[in-house]
Structures are given as C-alpha cells and as structure tokens.
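Data first, discussion second: the structure below is written as structure tokens.
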Amino acid sequence: MYTEKVMDHFMNPRNMGEITQASGVGTVGNAKCGDIMRIFLEIKDGIIEDVKFKTFGCGAAVATSSMATELVKGKSIQEAMTITNKAVAEALDGLPPVKMHCSLLAEEALHAALYDYATKNNIVIDGLEAPKADIHEGEEVEDEE
Ligand code: FES
C-alpha cells in the first residue's frame, strides 16, 4: 500500500521536534480523523533556515510532514510557496488516494506557519491566504466541509 519512501519517512522522520522562538508556527487539524500537525519555521533574510514538525496523526501524515520539511529547508519563502501537497506526495513516490488528504495537512501547516511569520513581521507573501484550519491550544477544530 505504501511506497518505500513513505515507509522510510514514517519510520525515520526528518526534522521532528520543535523550534523555540520560531519565526512562524502553524498548527492545523483535520476534524474527521482528528489528526493534528504543527510546523515551526526559522526564517532569516527570507530563507527558511530551519524547520521542524510535530504530528499527532497517521503514518502518511508523519511521512508527508517529514518530506515537506525536507523540501522547504534552505528554500526561500516564495520557493516554499510552490511546494504543494501533490509535490510532497510525488516526492514520496505517491500516496494511496485515500491518504492524499493527509498530505494536504502538511501543505496547510506550512502555509499556516508562513502566515504566522508574515503576520508577525507585517509582510505580505504573494499567493498566501489566511489558514482555513488554523487551531490554537484549547480551541476546537472546526470541520470545514
Ligand atoms: Fe488523518 Fe492521515 S488519516 S491525516
């Protein structure tokens, strides 16, 4: 069901953890499965110098968060904006169709973290919209569908 790359990133997740004093933090959840993903970004001079994630979720969510962090590390903000959930899934050599929504969580968490950074620094990132499913401690995750 899963490719070797998915299994590898699930068994040995890259960049797992958190960044204290992160430049931007994004937390998103999927109300249907209850999975939650948080991405921390360290941004200097427009470059994502470090990125970490914490995912409370399924194997595909862990693997996609791990791959998403690998893809954005060292990239500029605009380059990171081009990394979609499809790009993450492709980098993992594919995901089963029923698991594509898990990769969407990684894209949304990344965008939420970038949005947090943009808000804190009073800048506008081209093509970035306010996160739909941003959640905070103690708040309930709303079902968007
Ligand atoms: Fe919820 Fe995968 S089943 S993110």
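The values are calculated or read from the model by the stated rules, or taken from the named source; none is laboratory data. This one's a predicted model, so the numbers in the text were calculated from it and none came from an experiment. No Cβ is skipped: glycine too gets one built from the backbone with ideal geometry, and neighbour counts run over all protein chains shown.
Among the listed residues Ala61, Ala68, Ala106, Ala113, identify the single one that is crowded, with 19+ Cβ neighbours inside 10 Å, more than 23 Å from Met1 (Cα to Cα) and aliphatic (A, V, I, L, M).
On the way: Ala61 fails: more than 23 Å from Met1 (Cα to Cα); Ala68 fails: more than 23 Å from Met1 (Cα to Cα); Ala106 fails: more than 23 Å from Met1 (Cα to Cα).
Only one candidate passes the filter, namely Ala113.
Within segment 93-103, track down each residue that is in a helix (DSSP H, G or I), surrounded by fewer than 19 Cβ atoms within 10 Å (Cβ to Cβ) and within 12 Å of the ligand (Cβ to nearest atom). Even if it seems obvious, please write down each step before you answer.
If we filter segment 93-103 for residues that are in a helix (DSSP H, G or I), which is where we start, we get 97-103.
Checking the rest, the ones that are also surrounded by fewer than 19 Cβ atoms within 10 Å (Cβ to Cβ) come to 97-98, 100-101.
Within segment 93-103, Val98, Met100, His101 qualify.
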Inspect all residues belonging to segment 30-51 and state whether any of them is part of a helix (DSSP H, G or I), touching a residue at least 12 places away in the same chain (Cβ under 8 Å) and crowded, with 16+ Cβ neighbours inside 10 Å.
-> no
For Ser76, indicate whether it is surrounded by fewer than 20 Cβ atoms within 10 Å (Cβ to Cβ) and modelled with pLDDT of 95 or more.
-> yes
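Has segment 39-46 got any residue that is within 16 Å of the ligand (Cβ to nearest atom), under 20 Å from Ala89 (Cα atoms), modelled with pLDDT of 95 or more and under 13 Å from the mean Cα position of the chain (by Cα)? Even if it seems obvious, please write down each step before you answer.
Kept after step one, since they are within 16 Å of the ligand (Cβ to nearest atom), are these residues of segment 39-46: 39.
From what's left, under 20 Å from Ala89 (Cα atoms): 39.
Remaining after also requiring modelled with pLDDT of 95 or more: 39.
Subsequent filtering for residues that are under 13 Å from the mean Cα position of the chain (by Cα) retains 39.
Yes, some residue in segment 39-46 is within 16 Å of the ligand (Cβ to nearest atom), under 20 Å from Ala89 (Cα atoms), modelled with pLDDT of 95 or more and under 13 Å from the mean Cα position of the chain (by Cα).
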Quick one: which of Ala112, Ala68, Ala106 is under 12 Å from Ile39 (Cα atoms) and touching a strand residue (DSSP E or B) at 6+ places or on another chain (Cβ under 6 Å)?
-> Ala112
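Go through Thr64, Thr20 for me and flag whichever is part of a loop (DSSP other than H, G, I, E, B) and either in contact with a Pro (Cβ under 8 Å, 6 or more places away or on another chain) or not aliphatic (A, V, I, L, M) (or both). Talk me through it step by step, then tell me what you get.
Values: Thr64 fails: part of a loop (DSSP other than H, G, I, E, B).
Among Thr64, Thr20, only Thr20 is part of a loop (DSSP other than H, G, I, E, B) and either in contact with a Pro (Cβ under 8 Å, 6 or more places away or on another chain) or not aliphatic (A, V, I, L, M) (or both).
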List the number of the failed condition for Lys132; all other conditions in (1) under 24 Å from Glu4 (Cα atoms); (2) under 15 Å from the mean Cα position of the chain (by Cα) hold.
-> (1)
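Might you check whether a residue that is touching a residue at least 12 places away in the same chain (Cβ under 8 Å) and within 13 Å of the ligand (Cβ to nearest atom) occurs anywhere in segment 18-28? Steps first, answer last, please.
First, the residues of segment 18-28 that are touching a residue at least 12 places away in the same chain (Cβ under 8 Å): 18-19, 22-28.
Then drop every residue that is not within 13 Å of the ligand (Cβ to nearest atom), which leaves 28.
Yes, segment 18-28 has at least one match.
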